[in-house]
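The values are calculated or read from the model by the stated rules, or taken from the named source; none is laboratory data. Model, not experiment: these values are computed from the prediction. Note: ideal-geometry Cβ built from the backbone for every residue, glycine included; neighbour counts use all protein chains shown. Side chains included, ligands, DNA and RNA excluded: accessible areas come from the protein's heavy atoms. Shrake-Rupley method; radii C 1.70, N 1.55, O 1.52, S 1.80 Å.
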Amino acid sequence: MGSTDSQWKLADHPKLPKGKKIAVVVLDGWGEANPDQYNCIHVAETPTMDSLKKGAPEKWTLVKAHGTAVGLPTDDDMGNSEVGHNALGAGRIYAQGAKLVDLALASGKIYEEEGFNYIKESFDQGTLHLIGLLSDGGVHSRLDQVQLLLKGASEHGAKRIRVHILTDGRDVLDGSSVGFVETLENDLAELRAKGVDARIASGGGRMYVTMDRYENDWDVVKRGWDAQVLGEAPHKFQNAVEAVKKLRELPNMNDQYLPPFVIVDESGNPVGPILDGDAVVTFNFRADRMVMIAKALEYEDFDKFDRVRVPKIRYAGMLQYDGELKLPSRYLVSPPLIERTSGEYLVKNGVRTFACSETVKFGHVTFFWNGNRSGYFDASKEEYVEIPSDVGITFNVQPKMKAVEIAEKARDAILSGKFDQVRVNLPNGDMVGHTGDIEATVVACKAADEAVKIILDAVEQVGGIYVVTADHGNAEDMVKRNKSGQPTKDKNGNIQILTSHTLQPVPVAIGGPGLLPGVKFRTDVQTPGLANVAATVMNLHGFVAPSDYEPTLIEVVDN
């Protein structure tokens, strides 16, 4: 559709001019928390972000980036980069991830969809295998969803079920794996009492088995493949609870890094390798740590490791994990249909757009920002640049990542005059925060701050406007805390490091020489969240957002 199409025409803002160059900067994993030694943003030298915060209070505000504000089921659910960028770009709140799965399970719709009907064709002769993270952390999966899926699958004809568990200890407390396995074993015993042959078949820790991401270490996926598909692992047990308890007794061992194990029968044969004619479901709803196993299960041409034996299976993900790769091709729950994103509106109203990040977050500032849609809306008005991320290392080894390179690309795009909006994601706070390395995360925050300065200096030169925000928290709190907010300790008296996202709010800062003096943050928006940013950016481009968008964060006060 052309920009003249009336469906896409945005009304002009009565008080804000068009034509200003606008930089939208997303600091990934950059929340707001009380200052202490575990708040890496506070510890780091961040003069640029400090100056934005200490500037005029009407130019700095906090918004919600987790829970219901980004379409997740409850406010106990931490935000993530996918839903955060969906909200930032779409300007409305869509049911997401876990919530989509909850709705599909509660209504029974999941059992009517194409994905379930596809795997169901294996129920008569084959085994249904469920692979995923056994946890109630709510970041990648939830135990109650697995319980409902087991019940529903057995009611819809699954006669033989094998569960391949991955222990957590990252989004939940270390040691909680034992309780989760006991709960699952009780459920499987109940299914067996009803005549369903249901058992745990294999297991391992999430950081050592199956759940690698960004092609960092294919050996992790291979260890999972060997246990789940081939039925081979260095540790063999007849009982999964015993397996987890015994393996946790190994030196320096924890839930995240449990070595792979298989459950065997009295004769020592694995009880549940994946065979021709079986069905496989990866039940995690979060995508990033399922893409690699999905490739191994789905791709005919695959060269990342020797799969030895590639069974002919019917495979579906809980959700589609990569919309760009269309992977997996079958899934139990369809993604939210996100239409009319802010990016599409702006391009169709003549706003020339540049977007850039490094590989690990490039899809977030393009694909997810644009409503889970790949490619350009109008190639003549858009340019997206991906800077290759470091590979083969953990990000705490190179915590500066590609922040400067991203910032320099953004600076050049701003100074070129070719673009009206330049949008970037700086991944450091999140990617390094996930390693749990506090010193490295401090370096990462400093690097991100330096990158922001490069971009804001360019905005200054062209008389433009900046919007600096984040997608969720991470680097601002690196320890687990008790109910009174004090750091928790493990049985050896060591502080328990927090590697996950947080429930903290994130900043939104506006400014730049192009911002009219009367523009300030409103104080009347009920529970502002990430979705309010889209209407705000549209205003700064001189437009009024569509009426169904979450309200803008700014107003123009006549001096």
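The table below lists the values:
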{"read-out": "Apportionment of accessible area to carbon and sulfur, region 1-144, percent (1.4 Å)", "value": "50 percent"}
{"read-out": "Proportion of all alpha-carbon pairs of region 383-441 beyond 15 Å (%)", "value": "53 percent"}
{"read-out": "Amide H partners (placed H, <5 Å) of residue 332, local residues excluded", "value": "317, 318, 319"}
{"read-out": "Computed [θ] at 222 nm, deg cm²/dmol, the chain (DSSP H ≥ 4; -39,500 (n - 2.57); rounded to nearest 500)", "value": "-8500 deg cm²/dmol"}
{"read-out": "Cα centroid separation - region 264-328 against region 48-80, whole Å", "value": "37 Å"}
{"read-out": "The chain - accessible surface per residue (Å², probe 1.4 Å)", "value": "39 Å²"}
{"read-out": "Gain on full stretching of the segment that runs from residue 235 to residue 11 - 0.36 nm per residue minus C-alpha separation", "value": "74.1 nm"}
{"read-out": "Relative packing of 240-247, 184-191, 298-305, which averages over residues the other C-beta atoms within 10 Å, highest first", "value": "240-247, 184-191, 298-305"}
{"read-out": "Computed magnitude of the charge dipole of the chain (debye, nearest 20; Cβ of K, R +1, Cβ of D, E -1)", "value": "480 debye"}
{"read-out": "Backbone HN-Hα couplings from phi across region 122-129 [Karplus 6.51/-1.76/1.60, Hz, Gly and Pro as x]", "value": "8, 5, 5, 9, x, 9, 8, 9"}
{"read-out": "Simple Cβ-charge dipole of region 314-366, Lys/Arg +1 and Asp/Glu -1, about Cα centre, in debye nearest 20", "value": "120 debye"}
{"read-out": "Descending Cα extents along the principal axes, region 204-347, whole Å", "value": "62, 37, 27"}
{"read-out": "Sulfur and carbon atoms: percent of accessible area, region 230-277 [1.4 Å]", "value": "46 percent"}
{"read-out": "Interchain or long-range residues, amide H under 5 Å from residue 232's placed H", "value": "227"}
{"read-out": "With Cα atoms, 0 to 90° folded angle of helix 143-155 axis to the chain main axis", "value": "50 degrees"}
{"read-out": "Principal-axis tilt of helix 97-107 within the chain, Cα atoms, nearest 10 degrees", "value": "60 degrees"}
{"read-out": "Anisotropy class of region 55-133 from Cα gyration tensor, a/c 1.5 cut", "value": "prolate"}
{"read-out": "Peptides ranked, highest mean first, by Cβ atoms within 10 Å: ranges 133-146, 417-430", "value": "417-430, 133-146"}
{"read-out": "Antiparallel DSSP beta bridges within the chain, percent to nearest 5", "value": "25 percent"}
{"read-out": "Whole-number percent relative contact order across region 407-474, with pairs defined as alpha carbons under 8 Å at least 6 apart", "value": "40 percent"}
{"read-out": "Extension gain from residue 496 to residue 299, taking 0.36 nm per residue of separation minus the Cα-Cα distance", "value": "67.0 nm"}
{"read-out": "Nearest-0.05 FRET efficiency for residue 249 and residue 482, computed from C-beta distance (R0 22 Å)", "value": "0.25"}
{"read-out": "Angle in degrees between helix 403-416 and the longest Cα principal axis of the chain, rounded to the nearest 10", "value": "40 degrees"}
{"read-out": "Dipole of the chain [Lys/Arg +1, Asp/Glu -1 at C-beta], most positive-end residue of 203, 34, 228", "value": "34"}
{"read-out": "Cα gyration tensor, region 36-75 - rounded (a/c under 1.5), prolate or oblate", "value": "oblate"}
{"read-out": "Rel. contact order, % - alpha carbon contacts under 8 angstrom, at least six apart, the chain", "value": "27 percent"}
{"read-out": "Percent accessible area from carbon and sulfur atoms, region 455-540, protein chains only, probe 1.4 Å", "value": "47 percent"}
{"read-out": "Whole-angstrom gap from region 214-254 to region 505-537, using each part's C-alpha centre", "value": "48 Å"}
{"read-out": "Taking region 520-559 and dividing mean pair separation by its residue count, relative contact order in percent (alpha carbons under 8 Å, at least six apart)", "value": "51 percent"}
{"read-out": "Protection proxy ranking, peptides 43-56, 25-38, 148-161, average beta carbon neighbours within 10 Å, highest first", "value": "25-38, 148-161, 43-56"}
{"read-out": "Directionally averaged projected area (convex hull, Cα atoms, the chain), nm²", "value": "25.6 nm²"}
